[in-house]
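Below: one structure, written as structure tokens.
The values are calculated or read from the model by the stated rules, or taken from the named source; none is laboratory data. Keep in mind that this is a model prediction, so the values were computed, not measured. Virtual Cβ from ideal backbone geometry, glycine too; neighbours counted across all protein chains shown.
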Amino acid sequence: MPETDAAGHPNIYRAILKRSWCDVRSGRVSSEAFKLREMESGLSVLKAGGCSIDICLAKLNQCFGEFVLQTAGVKNLGLRVVDDDPNAPDFSENHAEIIGIPTNPTTLEEMKQVEDFASNLAAISVLYYDRYGKYT
Amino acid sequence: MANLLVEPETTVFADLRALWEEEKDSDTPITPRAFSTAMALLDYVVRVLGDMPRPWLVPSSEGGITIEWLRDDRTVRVVIPPTDDQVDYIYERVGRESDIKPLSESSVVQSLRSLILMP
């Protein structure tokens with residue numbers, strides 16, 4: 001999969017699946033927003049924002065908004081940001097993945113790496129879009 | 001006559017119940033296993049430590065719960081997965097240094113005392 005061009009896409013956007021992933025009082029972003037599900041190989045992100053209350057670009061049933069991260073900042077953490085494979089049946093021009101996070105960790109050391117990456121990604125994320133006005 | 005001395009439910013338990021209710025209709029509700037483990041842990045911590053800083057309760061995308069205490073650049077994070085076949089653990093972080101250990105009630109109290117409640 002080709003690397004996402006950080007110059008062309010300086011920011012990437014991560015969907016907020018759970019309301020509590022952003023703390024209303026402090027604005028802090030939860031590390032839970034950056035953990036892989038069991039079947040995932042990378043964290044799904046959008047290369048361009050632009051969701052509205054009626055349109056979820058990530059096509060999710062439940063989405064409370066988006067966090068924004070600098071693409072270069074993600075790479076500086078030792079992770080890769082890659083575009084969809086153009087030959088994949090579910091290819092999307094606007095979709096990319098953050099990869100390099102251990103998948104299905106089984107040892108405490110792997111779990112620690114997962115937590116470290118999730119903490120670091122949360123620390124460089126900020127709220128970008130608040131779909132239902134839950135965070136203001 | 002109404003009993004005006006009834007104490008309100010301790011905030012942290014009310015927070016956990018509210019999160020449980022809020023997530024009930026989501027695609028991935030909190031599992032009974034994660035909820036009861038979190039409730040038992042918080043009950044133990046409150047009984048041992050009494051007043052404690054209010055934790056940040058966060059649902060995972062798969063039905064688990066994370067309980068997190070923060071102070072300055074210090075974090076104590078308890079991760080409770082949705083199912084029994086996954087491992088509960090405590091993740092500690094001070095600045096950029098981190099550590100992880102299997103979850104036990106006494107370890108959580110120890111971590112809170114050394115990282116969050118210290119003077």
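Numbers for the structure displayed
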quantity: Unique match (being buried (at least 21 other Cβ atoms within 10 Å of the Cβ) and outside any loop (DSSP other than H, G, I, E, B)) among B:Ala18, B:Ala34, B:Ala14; calculated: B:Ala34
quantity: Residue, farthest from the chain's Cα centre (by Cα), within segment A:35-64, restricted to residues that are part of a loop (DSSP other than H, G, I, E, B) and hydroxyl-bearing (Ser, Thr, Tyr); calculated: A:Ser52
quantity: Candidate set: segment B:64-78, residues that are within 11 Å of chain A (Cβ to nearest Cβ) and touching an Asp or Glu at 6+ places or on another chain (Cβ under 8 Å); chosen: the one farthest from B:Leu103 (Cα to Cα); calculated: B:Thr75
quantity: Test: residue in segment B:97-104 that is without any contact (Cβ under 8 Å) to a residue 24 or more places away in the chain, touching a Leu at 6+ places or on another chain (Cβ under 8 Å) and surrounded by 18 or more Cβ atoms within 10 Å (Cβ to Cβ); calculated: yes
quantity: Selected residue (only one of B:Gln110, B:Gln86 is part of a loop (DSSP other than H, G, I, E, B) and either at pLDDT 95 or above or under 22 Å from A:Trp21 (Cβ atoms) (or both)); calculated: B:Gln86
quantity: Test result for A:Ser26, within 12 Å of chain B (Cβ to nearest Cβ), out of contact with any helix residue (DSSP H, G or I) (no Cβ under 8 Å at 6 or more places or on another chain) and closer than 30 Å to B:Arg71 by Cβ; calculated: yes
quantity: Checklist (1) closer than 15 Å to A:Phe117 by Cα; (2) under 14 Å from the mean Cα position of the chain (by Cα) applied to A:Asn76, failing item; calculated: (2)
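Yes/no matrix, rows are residues, columns are (1) within 11 Å of chain B (Cβ to nearest Cβ); (2) touching a residue at least 40 places away in the same chain (Cβ under 8 Å):
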residue	(1), (2)
A:Gly8	no, no
A:Ser31	yes, yes
A:Arg37	yes, no
A:Leu46	no, yes
A:Leu60	yes, yes
A:Ala72	no, yes
A:Asn76	no, no
A:Arg80	no, yes
